[in-house]
Amino acid sequence: MTVNKELLKYIESLEHTLSRDRQYFHTYPEVGWTEVRTAAVVMERLTSLGFDVKYGKSVIAASERMGLPTEAVLKEHFERTLMTSGIPEASLTPFKDGFTGVVGSINFGEGPIIGLRFDMDALKLTESNEEKHQPSKNGFISVHEGIMHACGHDGHTAIGLAVADVLSHFKDTFKYGGVKLIFQPAEEGVRGAKSMVASGVLDDVTHVFACHLMADIPYGKIICGTNGFMATSKMDVIFTGKPSHAGASPDQGKNALLAACTATLNLHAIPRHHKGASRINVGTLNAGTDRNVIADKAVLKIETRGENTEINDYMRQHAQRIIDSSAVMYGVASEVTFVGEAIGGYSDEIMIDHIEDIAKQLTCFSEIERTSSRAAGSEDFSYMMKAVQDRGGKAAYFSIGAAVDAKGRGHHTTMFDINESAMTDSVKVFASIVTRLLSDKK
Ligand SMILES: [Zn+2]
């Protein structure tokens, strides 16, 4: 089965729309669980394209959301969107209070259901306003101070909408099966996917795919199956002691700062696991109130990672033991809150075969790598992969090079930018996967 030439031609005609959509999302970035404007735009577009659209509480299980911002932050962002977006209140309300997911389904008949996942969230960074930074130069720099699309999820959302357009336009060419477009909140910090899986969105999905635009990989390159996801746990740790006068009665206090420091040093001393790569990082330590007071409170933000779920579990359990013991040592209390989590994940060989074959047939890729060996970050798409694979389904995650120049840009940096042409290529791959899996009735 070859790729559909007519379909590819149509995708090329969407280049301008892709760019316009990406630049719109780039201008109005929203961090995890506050993607109210983005989700509303996605919902309206999918509806207008004839999709059966579910959103808000019907696609997000409230209890499985991780790392939710405070109520005040959610409210403030919602109010701002209501006041400034020009989007009707009725379209925004379903996404209030951290329910910012959208799923659009299109059915052609009996058969497999292909799930395609697109993440929508931005990061807490202030975008560079340097002249050489394209979004600044071309007038689509973030208008939200301290928030920026610095991982390409603006591009992912635009890609999802273009795929929707293609499927709607060519719906009569598909004879069986269906496609679910899954727009996910809060991928950053691996906080969102679990709640969508728990809502049952993936229950009837037989194949699931996702793609990442990579600003640090040359444009024209595709990695057909990414396998290096690390399992990870993100934790907030609070040590609570007792304040006292540092001169008059130091013995009366319970020192939370010292417990946190002891924990920090020992967390970094957890022995490495012999079975594979592991990581730990204490990213922040905030403690105490003043120079002459025994610190009664200390807060750590930490994360563990492992090459697979087993190794991360090992790191997490040791971390917990060290935190508990450090608290005991100084007579303080400790509390650990999990604010994000992802398991390991792998792409199925047979799906990598399909993507590799598609990539070879498309003319847009000059370099095709089958699987990536480089150490990846973590991705909560792994929950969606596992949900589908556990039921005998298949999954794959591919990466597309989107560097703007020879040097490329680092992800999660203030000068992050993508080569927009990579979005068109990504749509081609997604559409070709659907064509291939839903054309030959087996
Ligand atoms: Zn990302």
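The values are calculated or read from the model by the stated rules, or taken from the named source; none is laboratory data. As the structure is a computational prediction, the values presented were derived from the model and not from experiment. When we count neighbours, we look across all protein chains shown, and the Cβ atoms used for this are built from the backbone with ideal geometry, even at glycine. We work out accessible area using only protein heavy atoms, side chains counted, and drop any ligands, DNA or RNA first. Shrake-Rupley method; radii C 1.70, N 1.55, O 1.52, S 1.80 Å.
Could you compute the FRET efficiency for residue 328 and residue 227, with r as their C-beta to C-beta distance and R0 at 41 Å, rounded to 0.05? Efficiency computed from Cβ-Cβ geometry: 0.55. For the range 46-51, the Karplus equation 6.51 cos²θ - 1.76 cosθ + 1.60, evaluated at θ = phi - 60°, returns couplings of 4, 5, 5, 8, x, 7 Hz by residue, with Gly and Pro reported as x. In the chain, which longest range has no GluC sites (Glu not before Pro) that are both DSSP loop (not H, G, I, E or B) and surrounded by at most 13 other Cβ atoms within 10 Å? That would be 146-442.
Checking every one of the trypsin sites (Lys or Arg not before Pro) in the range 203-295 against DSSP loop status and a limit of 11 other Cβ atoms within 10 Å picks out 291.
Taking amide hydrogens as placed 1.01 Å from N in the peptide plane, the amide H of residue 246 sits under 5 Å from those of 293, 294, each at least 5 positions away in sequence or on another chain. Mean residue ellipticity, 222 nm, helices only, the chain: the sum of -39500 (n - 2.57) across DSSP H runs of n ≥ 4, divided by residue count and rounded to 500, is -11000 deg cm²/dmol. Label positions at residue 203 and residue 20, each projected 7 Å from the Cα along the C-beta direction, are separated by 3.8 nm. Within the range 297-361, the percentage of alpha carbon pairs spaced more than 17 angstrom apart rounds to 59%. Only lysines eight or more places from residue 9 in sequence, or on another chain, were considered; those with a Cα closer than 27 Å are 171, 175, 180, 221, 360, 428, 441.
Heavy atoms of the protein chains alone define the surface here; on that basis the chain has 42 Å² accessible area per residue at 1.4 Å probe size. Cβ-Cβ distance of residue 335 and residue 72, R₀ of 30 Å, FRET efficiency by 1/(1 + (r/R0)^6): the value works out to about 0.90.
How much FRET efficiency would the formula 1/(1 + (r/R0)^6) give for residue 5 and residue 407, where r is the Cβ-Cβ distance and R0 is 35 Å, rounded to 0.05? It comes out at approximately 0.50. Across the range 87-92, computed HN-Hα scalar couplings (Karplus, 6.51 cos²θ - 1.76 cosθ + 1.60, θ = phi - 60°) run 8, x, 4, 4, 7, 8 Hz from first to last residue, x flagging Gly and Pro. Each Cα pair under 8 Å and six or more residues apart adds its separation to the average, and for the range 78-208 the resulting relative contact order is 40 percent. Among the protein heavy atoms of the chain, carbon and sulfur supply 51% of the accessible surface, probe 1.4 Å, non-protein parts ignored.
For residue 124, a cut-off of 17 angstrom between C-alpha atoms picks up these lysines, skipping any fewer than 8 places away in its own chain: 234, 301. Normalised by residue number, the volume inside the convex hull of the Cα atoms of the chain is 149 Å³ per residue. Annotation for the range 375-432 versus the range 273-327: alpha-carbon center distance of 29 Å.
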